[in-house]
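Scroll down for the structure; my scribbles are underneath it.
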Amino acid sequence: MMTNPVLEAIYNRRSCRSFKPEPISKEIINTIIEAGNRAPSQGRVEKGKKDPLFQPWRFVVVENPEFKNQLLKTTLPIWKKSTEQMKTLFPEMYAKAMRLQEVMDEPKDMVYYSAPVILFIIGLAEYAVSCALACQNIMIAAQSLGLGSCYVGFGSLVKGDAEIVQTLELTDNERIYGPIILGYPKDIPEAHAMLSKKEEPTIKWI
C-alpha cells in the first residue's frame, strides 16, 4: 500500500481515552487549531453576494481544572444513564466501558477522560459538514504531532447548564461539534478496550 506522512497519520490515528497529565504547549494547540481552520467550508451567501472564505466555526480551548470539573458534573449523569441502557442493548460494549472505568485513576472521568485539553469546535448549525471537516483535520494534525485525540459526543451535552453556555458564549443558532479531547497518550492495554477494528471498505467500481 502506498504511504507518506499524511497517510500514516490517518492510518495510525485512534481514539485515545488515556492521557498523561503533562500539558500541551500553546504553540502546538494553535498549530492544531490552524489545521482545523484550513478545512474546506461551504461559502455563505449574504445580501446577494457569496463569501467563499466564510468560516462557520470558532474554537474554545479548555484547560482550567474548575471549568473541566463543571463540564464533567453536567455530562457524567447523562453518560451514566445512557450506559445503563447499553447494558441490555449492547452488553459487549458495556463490558468494555466498565473495564476501562475500572483501571481509571480517581476521579473517574468517563466523558473527557481527564484530558489536558478539551477543545470545543463551535459552529453554525446549518454548516455541520464544514465543521465536521474541521474536526477531522484537528484529529489528524494531533496524531501527526504525537498527540492522542478523541471526539466525545457526550461532551456536547452541556446546554442544560446556563453558566457553561455563558462561558462558551453559545448562541441559539450554534452547535458544539465534538468536543475533541487532546493529550499525550498513556499506553495502558485496558485503554484499548473501547477500540473497534475497521472492516474492509465496501467499494463499487464503475
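Expressed as cubic angstrom per residue, what is the convex hull volume of the alpha carbon set of the stretch 63-104? Before the final figure, lay out each step's value.
Working: hull volume 3.1 nm³, N = 42.
Expressed per residue, the convex hull around the Cα atoms of the stretch 63-104 is 73 Å³.
About its Cα centre, what dipole magnitude does the stretch 1-101 give when the only charges are +1 on Lys and Arg Cβ and -1 on Asp and Glu Cβ, stated in debye to the nearest 20?
Working: 18 positive and 10 negative charges, 69 e Å.
Charge dipole of the stretch 1-101: 340 debye, to the nearest 20.
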query = Is any helix in the chain, taking whole DSSP H runs, at least 20 angstrom long along its axis by alpha carbon and on average at least -0.5 on the Kyte-Doolittle scale, and which ones?
reply = 128-144
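Just the projected area, averaged over all directions, of the convex hull on the alpha carbon atoms of the stretch 17-191: how many nm²?
Working: hull surface 44.8 nm².
The directionally averaged projection comes out at 11.2 nm².
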key: Contact order relative to length of the stretch 17-191, as percent, for alpha carbon pairs under 8 angstrom and 6 or more apart   = 37 percent
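Is the shape of the stretch 99-170 rounded, prolate or oblate, going by the alpha carbon gyration tensor and its root eigenvalues a ≥ b ≥ c, with a/c under 1.5 for rounded and a/b larger than b/c for prolate? Could you put the intermediate results ahead of the total?
On the way: a/c = 2.25, a/b = 1.17, b/c = 1.92.
The shape class here is oblate.
Let me know the charge dipole size of the chain about its Cα centre in debye, to the nearest 20, where only the beta-carbon of Lys, Arg (+1) and Asp, Glu (-1) is charged.
Working: 25 positive and 24 negative charges, 105 e Å.
For the chain, the charge dipole is close to 500 debye.
We did not get these values from a lab; they are worked out from the coordinates using the rules stated. Keep in mind that what you see is a predicted model, and the values were worked out from it rather than measured. When we count neighbours, we look across all protein chains shown, and the Cβ atoms used for this are built from the backbone with ideal geometry, even at glycine.
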